[in-house]
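Here the structure is laid out as structure tokens; the discussion comes afterwards.
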Amino acid sequence: MKNENSILYVQTSDAPERQYSPLVLAQTAKAMDLEPIVYFLGMGLKVLRPGAAEEIQIGSFPTVREMLDKTLAMGITVYVCEASKQMLGWDSVELIDGVKVVGAGTLNDLALDAGATMWF
């Protein structure tokens, strides 16, 4: 069932300059009493390996790891695509704590149920 208060933010890239927008927007949505969800897909998964997000910092923003930690601490669900792990050849890769690995069909369900979807 469609939830008009839900916003799905899909991160498809590992480019440093594309990491902040979905996290800032998800945190802002949560502060607005909306229901944000962040979903990492494709090359975006590379940022979720331990140590990777700590190395990304642009301007005066915190590191991407600090942004991810804040996002998770706010109770925002962060999903990771299982099929993307397979695409990257990661049979047993370690990811940062707090993310939830789900099947590809989950993204379709989330997109159908969300009031809005944004892709990065």
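The values are calculated or read from the model by the stated rules, or taken from the named source; none is laboratory data. Quantities reported herein were computed from a predicted structural model and do not represent experimental measurements. FYI the Cβ positions are ideal-geometry reconstructions off the backbone, even for glycines, and counts take in every protein chain you see.
When the range 50-70 is filtered for residues that are part of a loop (DSSP other than H, G, I, E, B) and out of contact with any Ser or Thr (no Cβ under 7 Å at 6 or more places or on another chain), the ones remaining, listed by number, are Pro50, Gly51, Ala52, Ile58, Gly59, Ser60, Phe61, Pro62, Thr63. Checking each residue in the range 89-103 for being surrounded by fewer than 12 Cβ atoms within 10 Å (Cβ to Cβ) and either within 19 Å of Asp14 (Cβ to Cβ) or polar (S, T, N, Q) (or both) picks out Gly89, Ser92, Glu94.
Would you point out the residue of the range 51-69, among those that are over 10 Å from the mean Cα position of the chain (by Cα) and crowded, with 16+ Cβ neighbours inside 10 Å, that is farthest from Gly98 (Cα to Cα)? Write out each step before concluding.
Within the range 51-69, the subset over 10 Å from the mean Cα position of the chain (by Cα) is 51-67, 69.
Going one step further and asking which of them are crowded, with 16+ Cβ neighbours inside 10 Å, we end up with 52-53, 56-57, 64-65, 67, 69.
Working: Ala52: 15, Ala53: 14, Ile56: 19, Gln57: 21, Val64: 15, Arg65: 12, Met67: 13, Asp69: 9 Å.
By that ranking, first place goes to Gln57.
Of the candidates Lys46, Lys100, the single residue that is more than 26 Å from Ser6 (Cβ to Cβ), among the basic types (Lys, Arg) and within 12 Å of the chain's Cα centre (by Cα) is Lys46.
Residue-wise test of (1) farther than 16 Å from Ala53 by Cβ; (2) in a strand (DSSP E or B).
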residue	(1), (2)
Leu72	no, no
Gly75	yes, no
Val93	no, no
Ile96	no, no
Val101	yes, yes
Asp109	yes, no
Thr117	yes, yes
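Identify, from the list Leu72, Leu48, the residue that is surrounded by fewer than 20 Cβ atoms within 10 Å (Cβ to Cβ) and either modelled with pLDDT of 95 or more or farther than 19 Å from Ala104 by Cα (or both). Of the residues listed, the single one that is surrounded by fewer than 20 Cβ atoms within 10 Å (Cβ to Cβ) and either modelled with pLDDT of 95 or more or farther than 19 Å from Ala104 by Cα (or both) is Leu72.
Restricting attention to the range 1-27, which residues are part of a loop (DSSP other than H, G, I, E, B) and small (Gly, Ala, Ser)? If the condition is that a residue be part of a loop (DSSP other than H, G, I, E, B) and small (Gly, Ala, Ser), then Ser13, Ala15 are the ones that fit.
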